[in-house]
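For reference, the structure is listed below as structure tokens.
The values are calculated or read from the model by the stated rules, or taken from the named source; none is laboratory data. Note that the structure is a prediction, hence the values are computed from the model and not measured. Note: ideal-geometry Cβ built from the backbone for every residue, glycine included; neighbour counts use all protein chains shown. Surface areas here come from the heavy atoms of the whole protein model, side chains and all, with no ligands, DNA or RNA. Shrake-Rupley method; radii C 1.70, N 1.55, O 1.52, S 1.80 Å.
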Amino acid sequence: MHGVSLLFSLACGVSSSSIRTSPRLFLWPTPNERRRSHRKVRCAPITAQFELKRPPYPLDSLEPHMSRETVEHHWGRHHRGHVDALNAQIAGTQLQAMELEDVVIASYNKGSPQSPFVHAAQVWNHEFFWQSMKPGGGGKPSGKLMELIERDFGSFERMLKEFKEAASAQFGSGWAWLAYKANRLDVGNAVTPCPSEKDNKLVIAKTPNAVNPLVWDYSPLLAIDVWEHAYYLDHENRRADYASIFIEKLVSWDIVSSRLHTAMARAAERASEDGRRRQEDDVEITNSEAVEMYVDSDNDSESE
């Protein structure tokens, strides 16, 4: 079967009104805090705030495929709203000292999302979405990205079809993704998407609300926002038309390719680290068994 699409949704109820905040989430020290704990100098607490980042192009430069009105409404209202809400919710907590990606993963809380998750994930998702497009986008990728697309989906056209289907079929609000799957999931009470599938491959996924592949330890490569506000002004309720124009006219395959190289390097580094740890564990087990055999031998000698 060409191309394995992870067409699923995690019914995790991530609306901000339905999530309870657990104070335990904010107790563990961040790396910055551990480093600061060794310093003797007293200083005022750092109050970090996330900023609303502009799309990396003029707001009207995606026309005629995405109107300035849509970009201004989507970025200036919805994206901004999530930034403001996130800053308000993490003020005074340890989360405000973390990088945005770390806030997303920490507040996901292994499948039991905390209050900041919705806004942290949506800020991350929107920044990623704007960067996934460029004026004069579309066309076809090349190099390693095209090689893996053809390997994992059978053809570029097949991948486009599955991506559009994922975007169109997502029930209600959410996102569709192209991601690099390493299958290192460590989410105690969430379902691992296709855990038996081969690691290190491209997959397509659709997610509800704010959920993104970071929470499964996948590396997102491309995202399309299928919340209605992302396309209604230009396409009304024709989500399939919006998905087609996005993938054919707006995607920056250069950015997607760059993200793939980063994801593959990360996976290789982690595989190397895993191998080193297994070797250390094997040595420790071997040494432990040798000591146990030596002790048993001494006991046998004494009994004789």
Sorted by chain and then number, the residues having a modelled amide H within less than 5 Å of the amide H of M133, at least 5 places away or on another chain, are S252
Kindly identify the stretch 133-175 as rounded, prolate or oblate by the Cα gyration tensor criterion: order the square roots of the eigenvalues as a ≥ b ≥ c, call it rounded if a/c is under 1.5, otherwise compare a/b with b/c, prolate if a/b is larger, else oblate.
oblate
Obtain the nm distance between the two label points defined at E157 and S258 by a simple spin-label model: each point lies 7 Å from its Cα along the Cα-to-C-beta direction.
3.1 nm
The stretch 210-252: C-alpha gyration tensor shape, a/c 1.5 cut-off, then a/b vs b/c
oblate
Suppose each label sits 7 Å from its Cα in the direction of the beta carbon; what would the E147-L100 distance come out to in nanometres?
3.1 nm
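Students often check this: by mean Cβ neighbours within 10 Å, which of 233-242, 170-179 ranks highest, and how do the rest follow?
Details: 233-242: 16.2, 170-179: 21.0.
Per-residue Cβ counts within 10 Å, averaged per peptide and sorted highest first, yield 170-179, 233-242.
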Pairwise centroid distance, computed over Cα atoms, of the stretch 83-110 with the stretch 208-246, Å:
23 Å
If you plug each phi of the stretch 129-145 into the Karplus form 6.51 cos²θ - 1.76 cosθ + 1.60 with θ = phi - 60°, what whole-Hz ³J(HN,Hα) values come out, in order, with x for Gly and Pro?
4, 4, 6, 6, 10, 7, x, x, x, x, x, 10, x, 9, x, 4, 4
Considering the zone a paramagnetic label at D84 would reach in this model (a point 7 Å from Cα along the Cα-to-Cβ line), which residues of the stretch 51-70 have amide N under 13 Å from it?
52
Residue by residue through the stretch 67-76, the couplings from Karplus 6.51 cos²θ - 1.76 cosθ + 1.60 with θ = phi - 60°, in Hz, x for Gly and Pro, are 6, 4, 4, 5, 5, 4, 5, 5, 6, x
Computed accessible area, H229, all protein chains, 1.4 angstrom probe, square angstrom
40 Å²
Using θ = phi - 60° and the Karplus curve 6.51 cos²θ - 1.76 cosθ + 1.60, what whole-Hz ³J(HN,Hα) does each residue of the stretch 260-269 get, with Gly and Pro shown as x?
4, 4, 5, 5, 5, 5, 5, 5, 5, 5
Calculated FRET value between E228 and R276, using beta carbons and R₀ = 35 Å, to 0.05:
0.15
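In nm, what is the difference between 0.36 nm times the number of residues separating K110 and D60 and their Cα-Cα distance?
Here the segment from K110 to D60 would lengthen by 14.1 nm.
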